[in-house]
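To start, the structure itself, in structure tokens.
We did not get these values from a lab; they are worked out from the coordinates using the rules stated. Remember, predicted model here, so these are calculated numbers, not experimental data. Glycine gets a Cβ as well: all are built from the backbone with ideal geometry, and neighbour counts include every protein chain shown.
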Amino acid sequence: MARAATAIENRQPEAESLLRELFPRTGRALVIGVTGSPGAGKSTLAGQLIKVFREQGRTVGVVAVDPTSPYSGGAILGDRIRMQAHHDDPGVFIRSMATRGWLGGLARATTDLVLLLDAAGRDVVIVETVGVGQDEVDVARLAGVTVVVLVPGMGDDVQAIKAGLMEIADVFVINKADHAGADRLDRELHQLPAREDGTAPPVLKTVASEGTGVAELAEAIRNVAPQSGRLERLWELRLREMLRERLLDRYPPGQFAEAARQVAARQTDPYTVVEEWLRT
Ligand SMILES: Nc1nc2c(ncn2[C@@H]2O[C@H](COP(=O)(O)OP(=O)(O)OP(=O)(O)O)[C@@H](O)[C@H]2O)c(=O)[nH]1
Ligand SMILES: [Mg+2]
């Protein structure tokens with residue numbers, strides 16, 4: 001698994017043939033996306049969920065996607081330490097992906113790692129991503145169940161939810177419920193308009209660092225009703241993403257810079273450039 005994961009991460013050619021072979025064995029794992037702002041407690045929460053699942057006798061795989069922004073420095077080491085409790089347990093496989101300086105391909109590599117762990121027979125696969133901008137959508141592409149982790153006292157969060165998190169969250173977690181403002185955030189979340197189908201995600205409070213509320217969270221995750229058509233929607237997004245990446249992969253990055261320069265200087269127009277690329 002470790003070697004295959006490395007091949008996937010480094011986009012080695014053999015990764016694709018491996019995944020093609022493994023694909024028929026996928027589709028059985030419960031994939032849980034855990035997303036939220038930097039430092040919200042996602043890794044701590046994931047570590048606690050691992051404990052619950054292991055106690056239930058279920059095997060677990062974790063893909064932790066590092067944020068690209070510089071404030072995440074040291075996150076890999078941090079994740080290792082926080083999840084160290086499971087270090088010697090072969091029933092737990094943890095992979096942290098460093099994405100700093102990595103342009104594109106993240107969604108695909110993450111998807112592929114999840115498929116690998118799924119094919120390997122992991123009962124549960126947890127994907128940790130930092131929810132910043134587009135990344136929130138990315139996690140929704142991967143997970144059967146999406147857990148959005150919020151913390152009290154971050155005024156922006158509820159605004160961000162209004163901007164779309166409501167649609168992707170299956171479960172809201174107010175972590176660091178030991179901090180002031182948890183009740184207020186709880187109220188705010190309950191005041192959000194319902195989803196299109198009239199339902200609202202459950203809201204749970206946790207203190208991940210102490211394990212408080214984690215069993216309830218595992219239960220809430222279990223109770224998330226499968227949405228009809230969700231898998232088809234996810235695969236449509238993934239297929240679009242794959243096609244986009246494939247196409248972009250064919251052009252050396254330098255070619256974009258040069259074309260951009262010419263377009264900016266009005267030496268050519270963007271329509272002609274793209275048409276020409278598609279023709280070649
Ligand atoms: N007080 C309190 N601290 C917590 C709680 N959960 C996590 N922490 C602490 O918050 C800090 C960040 O926790 P992480 O689990 O690394 O958070 P994260 O969301 O994974 O962070 P990134 O992956 O860097 O975005 C750590 O020092 C944790 O010990 C909690 O419920 N209460
Ligand atoms: Mg983390």
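Summary table below
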read-out	value
Cross-link partners of residue 205 among aspartates and glutamates (Cα-Cα below 17 Å; sequence separation of 8 or more within a chain)	157, 170, 178, 183, 186, 188, 216, 219
Cleavage-rule hits (GluC sites (Glu not before Pro)) in region 199-237: DSSP loop, at most 16 neighbouring Cβ within 10 angstrom	none
